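Have a look at the structure below before the remarks.
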Amino acid sequence: MADLAGRSLVEPGDFSIEEMEDLFGLAERIETEKGFLRESCRGRVLATLFFEPSTRTRLSFEAAMLRLGGSCLGFAEPGSSSASKGESLADTVRTVACYADAIVMRNPKEGAALLASRYADVPVINAGDGGHHHPTQTLTDLLTIKRLRGKTEGKLQDSFRGLTVGFCGDLKFGRTVHSLAKALSRYPGVRLVFVSPAELKAPEYLTDGILQKAGIAFTETENLEEVMGSLDVLYMTRVQRERFFNEEDYIRLKDSYILNKEKMENAGKDMIILHPLPRVNEIAEELDADPRAAYFKQARYGMFVRMALLASVLGEVKC
Ligand code: NCD
């Protein structure tokens, strides 16, 4: 049984797959056992420092902490923090660590969460650092895939064996893609299919580096229709406007893929559609009623797994 007390989570590899599995087990109990962990974090304080906009991640963390009986403080815009006066991140987190028992941070700079975790003497949870990582979205995604398509028996490493996971959209800047693909590289027998315009391809450090080294089979294409029938999971993503250097490129690429009923005709009857949200145009609303559309379920699993994570790093529960 894992003891995650005091641990930070900067990228998915910080936790072993056994530790993640323990969190999934806790999340499942939170979902199904009424009152489980309900008051476990009473008197504890979570700081949410969001230097970049967020709805789901921040509110999901705050909802998670409140449901555990704890409290939250923080800011949702950098303009309202002392960073706007020129304070360094190291000073901000050292100060906040005097007030809070754990810090959740989103920052546009890659590596910011790692730096924060080195300065704060409380657990730091990365809620997104630029185009780099978003490990709690990955916990959410893995839990959703596991619950809806994974194997429940056998070795943990085999949970996703035989599954083909497609990633579609902005694979260059999408941190949720980078984190999830990296996390999946620890599960042998998974196949990945990357679908994007040439300009938004997954970075080479991920494909030629991590995936190839781990022996994970992957293909890259620009054509979603062509691969649709082979997918068990389709992970759609938004084109990350805020990471583009010019608006013209964004406008040209933003509607590269729009998933609709017609495109779903070739999809398997058990394929699930995931999306970290927010959705812009990538999935037509007509698909929301399709039983394969799992993105709102995914958001709900996200809150349960964040409850499991907070109670664990705060030392209020052993997995
Ligand atoms: C994602 C993010 O912030 O990276 N959103 C989220 O956390 N659910 C995806 C996105 O913004 O496109």
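The values are calculated or read from the model by the stated rules, or taken from the named source; none is laboratory data. Note that the structure is predicted; figures quoted are calculated from it, not measured. With ideal geometry, Cβ positions are generated from the backbone for all residues, glycine too; neighbour counts draw on all protein chains shown. Areas reflect the complete protein model, heavy atoms only, side chains present, ligands, DNA and RNA absent. Shrake-Rupley method; radii C 1.70, N 1.55, O 1.52, S 1.80 Å.
Somewhere in region 136-150, is a residue more than 14 Å from the ligand (Cβ to nearest atom) and within 21 Å of residue 73 (Cα to Cα)?
no
So how many residues does region 45-95 have that are over 16 Å from residue 109 (Cβ atoms), within 16 Å of the ligand (Cβ to nearest atom) and of a type in the set (Phe, Trp, Tyr)?
Qualifying residue count for the region: 1.
From 151, 109, which residue is in a loop (DSSP other than H, G, I, E, B) and modelled with pLDDT of 95 or more? Before the answer, list the steps.
On the way: 151 fails: modelled with pLDDT of 95 or more.
Of the residues listed, the single one that is in a loop (DSSP other than H, G, I, E, B) and modelled with pLDDT of 95 or more is 109.
Can you name every residue in region 96-110 that is more than 14 Å from the ligand (Cβ to nearest atom) and surrounded by 14 or more Cβ atoms within 10 Å (Cβ to Cβ)?
96, 97, 100, 101, 102, 103
Within the bounds of region 138-160, is there any residue that is in contact with a His (Cβ under 8 Å, 6 or more places away or on another chain) and either among the aromatic types (Phe, Trp, Tyr) or open to solvent by 10 Å² or more (accessible area, probe 1.4 Å) (or both)?
Scanning region 138-160, I find no residue that is in contact with a His (Cβ under 8 Å, 6 or more places away or on another chain) and either among the aromatic types (Phe, Trp, Tyr) or open to solvent by 10 Å² or more (accessible area, probe 1.4 Å) (or both), so the answer is no.
Test each condition in (1) surrounded by fewer than 17 Cβ atoms within 10 Å (Cβ to Cβ); (2) at pLDDT below 95 for residue 81 and report the one that comes out false.
(1)
If residue 57 meets every condition in (1) surrounded by fewer than 18 Cβ atoms within 10 Å (Cβ to Cβ); (2) assigned to a helix (DSSP H, G or I) apart from one, which number is that one?
Failed condition: (1).
Condition first: acidic (Asp, Glu) and assigned to a loop (DSSP other than H, G, I, E, B). Now tell me which residues in region 258-272 satisfy that.
Matches in region 258-272: 265, 270.
Determine whether residue 64 is in a helix (DSSP H, G or I), under 28 Å from residue 178 (Cα atoms) and over 21 Å from the mean Cα position of the chain (by Cα). Walk me through how you get there before you give the answer.
Numbers: in a helix (DSSP H, G or I): yes; under 28 Å from residue 178 (Cα atoms): yes; over 21 Å from the mean Cα position of the chain (by Cα): no.
When the stated conditions are applied, residue 64 does not pass them.
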